[in-house]
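Here is the structure we will look at, set down as structure tokens.
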Amino acid sequence: MTTLTRRRGLSLGTLALTGALALSACGFSNSGSSSVSGGDAASAKTHTVKTAMGDVKVPVNPRRVVVLDTGELDSALSLGVRPVGATHSATEDGFPTYLPAEKTKGIEVVGEIANPNLETVASLKPDLILTSKVRDGDRYEQLSAIAPTVMTESTGSAWKQNFQLHAQALGKENEAKKVVAAYDAHVAEVTKALGGKEKAAATEVNFVRFVEGADIRIYGKQNYIGSILGDLGLGRPAITDKAKDGFSYDVSPEKIDLADADVIFTSTYGSPEKAGTKKTMDGGLWKGLKASKAGKVFEVDDRLWIAGIGYTAADKILDELRTDMTK
């Protein structure tokens, strides 16, 4: 899992949940039975999708989709599907700003990531819910009682596989092929702009994330941003091989010199003051880093580079990488 979340559990009491499920009575269940939710007879046709929770029957042509994480939101929009509802980050009120406002307009907020409001979800009468086991595994029964619920195992480094599952559930597998092909072409284009494969491999790049209430994270290779850097063939410092489970190697400000690299991208989750971003970057250890001395430290949007977790975000990250690294 690539983003810091606060799992708060269910906020609904028994009566509220009962009301939520009652509202979903006209929707699908994961058994594929019940009546049409989206108001289109075509959505009564189902096909089976293999998910982290087992086989799930979903509408062949879902009309009212609810997504419960940024990766699922990115996938849907990348495939030309506008969800009727979506969650947002606990630190923000709206959807990620990297997503075009015209594409997110009209999507109803259904609570925070890992803490959706089930009453609101049910009130939208969805015929498909997209999320992950790591976010909502403990709510699977409640969600699947509202609508067919397709869960991936996790998020982050598995984003490409997750996208394929989302495309299958949404009935957009042909569109998915076009999205992937366009991304691969974009990667090749940016790699060329960086000087080609050999130069990219010889340039060590680190990603450092300042996190409110936690240690500083030097990102490894087994995460969303690590996979994009890997697609470009960029070099990674040896410290990334020490990342726990390949995800991150966490350090205190007193050991920030371990983040040294030719190029460093940084982001902040939460309050920059509480995360110690400015204090650390104003310190002697940070200023002594090779990237810092060379003017190769670039601060980027955390909600894009870390929380985007999809192809639309990846394309924007590739553009920013090219712009920054070719200055």
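Using modelled backbone amide H atoms (1.01 Å from N, in-plane), which distant-in-sequence or interchain residues come within less than 5 Å of residue 128's amide H?
HN-HN under 5 Å from residue 128: 64, 66.
Debye calculation, C-alpha points only, no solvent: report log10 I(q)/I(0) for the stretch 185-325 at q = 0.12 Å⁻¹, in the same order as the q values.
Rounded to two decimals, the profile gives -0.43.
Counting only GluC sites (Glu not before Pro) that are in a DSSP loop and have at most 16 other C-beta atoms within 10 Å, tell me the longest site-free stretch of the chain. Please report the intermediate quantities before stating the final value.
Numbers: sites that count: 92, 153, 212.
Between exposed loop sites, the widest span is 213-327.
Starting with the fewest neighbours, write out 292, 252, 144 ranked by other beta-carbon atoms found within 10 Å of each beta-carbon. Write out the running numbers ahead of the final one.
Working: 292 16, 252 10, 144 19.
In order of increasing Cβ crowding within 10 Å: 252, 292, 144.
Excluding residue 253 itself, what net charge comes from residues whose Cβ is under 12 Å from its Cβ, given Lys and Arg +1 and Asp and Glu -1?
Values: positive: 255, 278, 279; negative: 215, 250, 254, 257, 282.
Once positives and negatives cancel, what remains is -2.
With 10 Å bins from zero, work out the P(r) of the chain over every alpha carbon pair and list the percent per bin.
P(r) over the chain, rounded to whole percents: 6, 26, 31, 21, 12, 4, 0.
Among 286, 159, which comes first, then next, by fewest other beta-carbon atoms within 10 Å?
On the way: 286 21, 159 25.
Least to most surrounded, the residues fall as 286, 159.
Based on the inverse mean of 1/r over its pairs of different Cα atoms, what is the Kirkwood hydrodynamic radius of the stretch 52-200, in Å? Walk me through the numbers on the way to the answer.
Numbers: mean 1/r = 0.0624 Å⁻¹.
Kirkwood radius, the stretch 52-200: 16.0 Å.
Which pairs break 23 Å Cα to Cα here: 133/255; 57/316; 50/316; 192/242; 50/172; 255/290? Walk me through the numbers before you get to the answer.
Working: 133/255 34 Å; 57/316 34 Å; 50/316 30 Å; 192/242 29 Å; 50/172 16 Å; 255/290 15 Å.
Those over the limit are 133/255; 57/316; 50/316; 192/242.
Please compute the contact order of the chain in relative form: average sequence separation of alpha-carbon pairs under 8 Å and at least six residues apart, divided by the residue count, as a percent.
About 19 percent, as a whole number.
How would you rank 89, 227, going from fewest to most other Cβ atoms within 10 Å of each one's own Cβ?
Details: 89 21, 227 17.
Ordered by Cβ neighbours within 10 Å, fewest first: 227, 89.
Here, each number is a calculation from the coordinates, and none is a lab measurement. The model shown is predicted, which means the values in this text are computed figures rather than measured ones. Every residue, glycine as well, gets a Cβ built from its backbone with ideal geometry; the counts of neighbours run over all protein chains shown.
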